[in-house]
Amino acid sequence: MNTFFQLFVSGLATGSIYALAAIGFTLLWQASQTINFAQGEFIMLPAFFVLAGTQFLGLSFPVAMAIAVVLSLLLLGLGFKRIIIDPLLPHGVLPIVIATIALGILMKEGVKQFYTAEALPFPALFSDRTLNVLGAAISVQDIAVLLIALGAVALLQLFLNGTKIGRCMQATAQNPNVAEILGVPVRRMILYTFLINAGLAFLASVLISPIYLAKFSNGETLGLIAFIAAIVGGFNQIRGALAGGLLLGVIDNLSAAYVSASYRSAVPLILLIIIILVRPQGLLGKAEGRTV
Amino acid sequence: MLELKQVYGGYGKMTILNGTSFKIDKGTITTVIGPNGAGKSTVFKAIFGLLKIRSGNVILNGEDVTSLPPAKMLGKGVTYVPQGRNLFPMLSVRHNLEIGGISSGDQAKIAKRIDEVMEQFPILKEKAKEQAITLSGGQQKQLEIARALLLDPSLILIDEPSIGLSPQMINETFRTLIRLRDQGVTILMVEQNAKAALAMSDFGLVLEQGRSRMYDRADKLLADPRVGQLFLGAHLEEA
């Protein structure tokens, strides 16, 4: 029972990071019908911004983190929207899908070619101590990651529901044409969404890299699991993406321990197939009508 | 109040408005009628800056407002209620109203205005905290009209307000528009339900193939056999 609890909490911690990435998927989808298949690489890259700052520029860790946040917002938020999405958006979803797959490959291979193909240790943000909770050894890092990720989601929800800008962003996502007619600066609201996604990607990056090390290929698994999490939870709901992320984190951990470590990667895919067959709108998602 | 002078415009290479010209007076309800494809909704988009006008002019209170963007038109006292469902379904009724005033520089005034508007629409006050998606079709239309009032408009462009509503709710919506007219608001309306719309309007405008073919008092248009012919597929003879 203790081991189960330990695995459960650890799964929640990893799942909360998946949730950050999955929420990014849903935000971009709602705001601009963008499916970002480079989302995993968006999470891989900020850790390398930090490492480049400390290793090559000799910056202290906090300064490197601050610069990495700014770089993430500029490149993964503003630059991504202006250079890739804006020109392709009028041509529909498919060109964006192809472009973001290409972008992901470019980012991954770029890091491998110009930085390193090795997995690099990333400074731990929290103590590696463990706490005894109900007889189970729970790491401080897991608890801190879980609390920070959930805190970020709660703040995001507070921002979206509790501020006028947040409600304008929701209005833009729900009905962009009417939002424009009412004077909502729609383009700016979409930009904010991309910036938030970049911020979430940065947070996910610095939370997960101390656990899995910083490696050029990290985005492959992260991107796939976050995408599955978004679909499982409901692609059009933030709370769905959160639930999907947490669920996948827990299932991944428990299946590795109790089913088979070799088949752990297959479990999210099996879950995805079941959800698509049984409840295509996701666990908490809402069915969307489409004109055909 | 509003004048269109020889307005040409359309989508891509397709021309919908072929020299549309008309003039409406302040504090009146004018209904635009015409067969499908006549350019009724397009003319609203052209007035409100959602469609690039190729040539011609839109004059509002003596000022040339041709192709001003929607945000600027809101500032000039014009609001637009498009066809269909125009709410933000997951936001509350109050927050839907709030978005209607978002372009105003005086948000304190808008907060007060929301309360005033809700007094005019008691059902919205009652359901202020509920999601807009929970309202009935008629209530949703009331919310759209209420939201259009947030900025104290002098001109409301309303496209097909009766669409999807029960006869009772259509009457209720038309009564609301008459009440607004009586308060001095000018209303330009597109309506498929031409007979009912003309019956409650002051003036009527017949559009055909992007041109204004008839403009007269609504009761005269109602009695004009040529208007009936137009809706049965006949073309009006050149004036």
Legend entry - Tally, over segment B:182-239, of residues that are assigned to a helix (DSSP H, G or I), farther than 18 Å from B:GLY39 by Cα, modelled with pLDDT under 85 and touching a strand residue (DSSP E or B) at 6+ places or on another chain (Cβ under 9 Å): 1
Inset, instruction - Please find, among A:GLN170, A:GLN141, A:GLN157, the residue that is within 14 Å of another protein chain (Cβ to nearest Cβ), surrounded by 15 or more Cβ atoms within 10 Å (Cβ to Cβ), touching a residue at least 60 places away in the same chain (Cβ under 8 Å) and not aromatic (Phe, Trp, Tyr). - result: A:GLN157
Inset, instruction - Would you tally the residues in segment B:80-99 being over 30 Å from B:VAL32 (Cα atoms) and either in contact (Cβ under 8 Å) with a residue 24 or more places away in the chain or polar (S, T, N, Q) (or both)? - result: 4
Legend entry - Wholly enclosed helices (runs of 4 or more DSSP H) of segment B:95-149 bearing at least 2 residues in contact with a Phe, Trp or Tyr (Cβ under 7 Å, 6 or more places away or on another chain) and more than 10 Å from chain A (Cβ to nearest Cβ): B:137-148
Inset, instruction - Would you be able to say whether some residue in segment B:72-82 is assigned to a loop (DSSP other than H, G, I, E, B), within 29 Å of B:GLY164 (Cα to Cα), more than 13 Å from every other protein chain (Cβ to nearest Cβ) and not charged (D, E, K, R)? - result: no
Legend entry - Set A:THR100, A:THR116, A:THR130: member being among the polar types (S, T, N, Q) and buried (at least 19 other Cβ atoms within 10 Å of the Cβ): A:THR100
Legend entry - Candidate set from segment A:175-185 (those that are assigned to a helix (DSSP H, G or I) and surrounded by fewer than 21 Cβ atoms within 10 Å (Cβ to Cβ)); member that is farthest from the other protein chains (Cβ to nearest Cβ): A:PRO176
Legend entry - Restricting segment B:4-18 to residues that are loosely packed, with under 15 Cβ neighbours inside 10 Å and out of contact with any Ser or Thr (no Cβ under 7 Å at 6 or more places or on another chain), the residue that is nearest to B:VAL43 (Cα to Cα): B:TYR11
Inset, instruction - Kindly indicate the residue of segment B:19-55 that is basic (Lys, Arg) and surrounded by fewer than 22 Cβ atoms within 10 Å (Cβ to Cβ) and also nearest to B:PRO153 (Cα to Cα) among those meeting that condition. - result: B:LYS26
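The values are calculated or read from the model by the stated rules, or taken from the named source; none is laboratory data. Since we're looking at a predicted model, the values are computed, not measured. A quick note on method: Cβ atoms are made from the backbone with ideal geometry, for glycine too, and the neighbour counts reach across all protein chains shown.
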